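> For reference, the structure I am asking about is given below.
The values are calculated or read from the model by the stated rules, or taken from the named source; none is laboratory data. As the structure is a prediction and not an experimental result, all values here were calculated from the model. Don't worry about glycine lacking a Cβ; one is built from the backbone with ideal geometry, like all the others, and counts go over all protein chains shown.
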Amino acid sequence: LIVADSAGVLRIFSLTEQRVVSEFHLDGIALAKDILKTDNGSIWVATDGKGLIRIKDSQIEVYNHRNDIPNSLCSNYVRTLCQNGDQLWIGTGNGLSIMSMSSGMFTTITGSPHRNYSLSHNSIKSIYKDADSNLWIGTYYGGVNYCFQMQSIFFSESSISFAFQSISWKTTLRPSLS
């Protein structure tokens, strides 16, 4: 069990041993929005204004948005995290960042009303991976987006091969890509 408190202390509890086995003091981190332990043993903490924190082998690494680095995290207001294979999907208040956990590189995906199959809104609230490995992205103001894989991609700025369909009561999940 992993718990973060409002003072910026993250504790890892062993349920079998009934005790705290690790404790990390994350200075300046007032609010953890989401915590995820990935398959490789890393613990990721989404923060409200302080970016993304990775804890691995007792080492703490912080990822921030930087205006001078185009492929950095798209916002320091990170709300939700989801692992998708080697990728960490990071929902923020300013779009979706997808991080390759092996390379540490970020790709940012934002919505555009002028682009087909883009996110319906940039304010991401939740990301859910279902039993069939489909990804669902909830937004604050644009409803739910279903993410489907494609053979080719029209996001020319990245090598991510996904497209999105906004879901509403009128929408079916049979997109026409022609």
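> Tell me, please, whether a residue that is more than 24 Å from D130 (Cβ to Cβ) and assigned to a strand (DSSP E or B) can be found in region 74-92.
The answer is yes, given that some residue of region 74-92 is more than 24 Å from D130 (Cβ to Cβ) and assigned to a strand (DSSP E or B).
> I'd like the full set of residues that are touching a residue at least 12 places away in the same chain (Cβ under 8 Å), among the aliphatic types (A, V, I, L, M) and in a loop (DSSP other than H, G, I, E, B), limited to region 97-149.
M101, M105, L119
> Among I55, I90, which is the only one that is buried (at least 20 other Cβ atoms within 10 Å of the Cβ), more than 11 Å from the chain's Cα centre (by Cα) and touching a residue at least 40 places away in the same chain (Cβ under 8 Å)?
I55
> What single numbered condition from (1) more than 18 Å from S103 (Cβ to Cβ); (2) modelled with pLDDT of 90 or more; (3) in contact with a Ser or Thr (Cβ under 8 Å, 6 or more places away or on another chain) fails to hold for D68?
Checking D68 against (1) more than 18 Å from S103 (Cβ to Cβ); (2) modelled with pLDDT of 90 or more; (3) in contact with a Ser or Thr (Cβ under 8 Å, 6 or more places away or on another chain), the one that fails is (3).
> Got at least one residue in region 17-27 being over 17 Å from Q87 (Cα atoms) and in contact with a Cys (Cβ under 9 Å, 6 or more places away or on another chain)?
No, because not a single residue in region 17-27 is over 17 Å from Q87 (Cα atoms) and in contact with a Cys (Cβ under 9 Å, 6 or more places away or on another chain).
> Further question: What's the number of the condition I43 fails, among (1) at negative phi; (2) at pLDDT below 85?
Looking at each condition in turn, I43 falls short on (2).
> Turning to a different aspect of this structure: Going through region 93-115 one residue at a time, which ones are surrounded by fewer than 21 Cβ atoms within 10 Å (Cβ to Cβ) and either polar (S, T, N, Q) or touching a Phe, Trp or Tyr at 6+ places or on another chain (Cβ under 6 Å) (or both)?
Answer for region 93-115, where residues must be surrounded by fewer than 21 Cβ atoms within 10 Å (Cβ to Cβ) and either polar (S, T, N, Q) or touching a Phe, Trp or Tyr at 6+ places or on another chain (Cβ under 6 Å) (or both): G93, N94, I98, S100, S102, S103, T107, T110, S112.
> Are any residues in region 116-134 in contact with a Lys or Arg (Cβ under 8 Å, 6 or more places away or on another chain) and surrounded by fewer than 19 Cβ atoms within 10 Å (Cβ to Cβ), and if so, which ones?
Selection gives K125, S126.
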